[in-house]
Amino acid sequence: ILTYGEQTEILKVATQPSFGVRWLIPHLKGFGKRHPNIHLDIRNEMEPFSLLQGSADVVFFFGQGTWPGATCVELFREEVVPVCAPELLQGRELTDAAQVAELVLMQSASRPEAWHEWFLEQGLHTDNSYHGPRFDTFYMALSAAQAGCGVALVPRYLVEKELGDGSLVIAWNHAMRSHGAHYLAFAEHAAEVPKVRALVEWTREQLG
């Protein structure tokens with residue numbers, strides 16, 4: 001593709017859906033203005049293997065950050081909090097974390113142990129930790145929480161907006177640190193590719 005005599009390059013970016021919608025896309029504002037010759041092609045990928053298959057130049061993923069043949073740049077760590085629609089609590093404040101288990105616990109397919117670990121951190125064990133509707137993405141679980149279907153255990157960065165406008169509330173104020181972190185990854189041999197370097201530098205600036 002040629003634009004104004006300058007070669008336009010496609011930068012293929014893979015991201016997990018919820019991260020893409022809630023963090024990546026808002027933080028890409030202005031990237032196109034600075035780099036008009038780079039066209040972003042962003043796609044949803046639940047797993048970071050697309051980098052090795054060559055179907056992506058840069059991958060954003062959550063995990064441990066050790067990946068053969070790739071350079072992984074840690075972006076940020078996260079904590080998860082239990083959120084629900086305010087009407088689910090019917091105006092009452094919970095007085096014990098165990099009361100959360102009496103509500104419908106929405107499960108995340110990518111982190112099936114999350115509720116069990118959240119209760120365990122508070123010295124609690126409940127048979128309900130693994131019971132409840134299961135969702136493929138945090139984004140779907142959040143939509144269900146907003147609809148009043150139950151409580152979702154989600155990364156705080158995903159729900160800042162809803163907590164701010166009151167459409168979601170924290171059911172019980174215990175935040176649990178996640179075991180992994182969010183990373184940006186690219187193939188080791190691509191470190192000096194200008195379009196890859198441009199996105200890496202931009203992302204680092206956004207984290208400020």
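The values are calculated or read from the model by the stated rules, or taken from the named source; none is laboratory data. These numbers were taken from a predicted model, which means no experiment stands behind them. Backbone-built Cβ (ideal geometry, glycine too); neighbour counts: all protein chains shown. The area values use the complete protein model at the heavy-atom level, side chains included, leaving out ligands, DNA and RNA. Shrake-Rupley method; radii C 1.70, N 1.55, O 1.52, S 1.80 Å.
Here's a check for you: in the stretch 62-76, which residue that is among the small types (Gly, Ala, Ser) and part of a loop (DSSP other than H, G, I, E, B) is surrounded by the fewest Cβ atoms within 10 Å (Cβ to Cβ)?
Just the residues of the stretch 62-76 that are among the small types (Gly, Ala, Ser), to begin with: 63, 65, 69-70.
Now drop any that are not part of a loop (DSSP other than H, G, I, E, B), which leaves 65, 69.
Numbers: 65: 18, 69: 10.
Only one residue fits best here, namely 69.
Looking only at residues of the stretch 84-95 that are at pLDDT 90 or above and either in a helix (DSSP H, G or I) or not hydroxyl-bearing (Ser, Thr, Tyr) (or both), we find that the one that is surrounded by the fewest Cβ atoms within 10 Å (Cβ to Cβ) is 87.
Look at residue 128 and say whether it is outside any helix (DSSP H, G or I) and more than 19 Å from the chain's Cα centre (by Cα). For residue 128, the condition - outside any helix (DSSP H, G or I) and more than 19 Å from the chain's Cα centre (by Cα) - is not met. Residue 203 meets the conditions (1) open to solvent by 20 Å² or more (accessible area, probe 1.4 Å); (2) in contact with a Phe, Trp or Tyr (Cβ under 9 Å, 6 or more places away or on another chain) in every case but one. The failed one is (1). Residues considered: 183, 139, 157. Of these, the only one that is part of a strand (DSSP E or B) and aromatic (Phe, Trp, Tyr) is 183. For the stretch 121-160, the set of residues classified as under 20 Å from residue 79 (Cβ atoms) and free of Cβ contacts under 8 Å to residues at least 40 places away in the same chain consists of 123, 124, 129, 135, 141, 160, listed by residue number. Among all positions in the stretch 102-120, there is at least one residue which is in a strand (DSSP E or B) and either free of Cβ contacts under 8 Å to residues at least 40 places away in the same chain or touching a Cys at 6+ places or on another chain (Cβ under 6 Å) (or both). When residue 98 is tested against (1) surrounded by 19 or more Cβ atoms within 10 Å (Cβ to Cβ); (2) not in a strand (DSSP E or B), only condition (1) is not met.
Let me confirm something: among 59, 80, which residue is closer than 21 Å to residue 167 by Cα and outside any loop (DSSP other than H, G, I, E, B)?
Just a single option satisfies the conditions, and that option is 80.
The residue that is surrounded by the fewest Cβ atoms within 10 Å (Cβ to Cβ), counting only those in the stretch 107-134 that are under 25 Å from residue 19 (Cα atoms) and among the aliphatic types (A, V, I, L, M), is 109. Answer yes or no as to whether residue 160 is surrounded by fewer than 19 Cβ atoms within 10 Å (Cβ to Cβ) and either in contact with a His (Cβ under 8 Å, 6 or more places away or on another chain) or over 21 Å from residue 84 (Cβ atoms) (or both). No, not satisfied. Considering only residues in the stretch 17-41 that are out of contact with any Leu (no Cβ under 7 Å at 6 or more places or on another chain) and of a type in the set (Val, Ile, Thr), the one that is surrounded by the fewest Cβ atoms within 10 Å (Cβ to Cβ) turns out to be 25.
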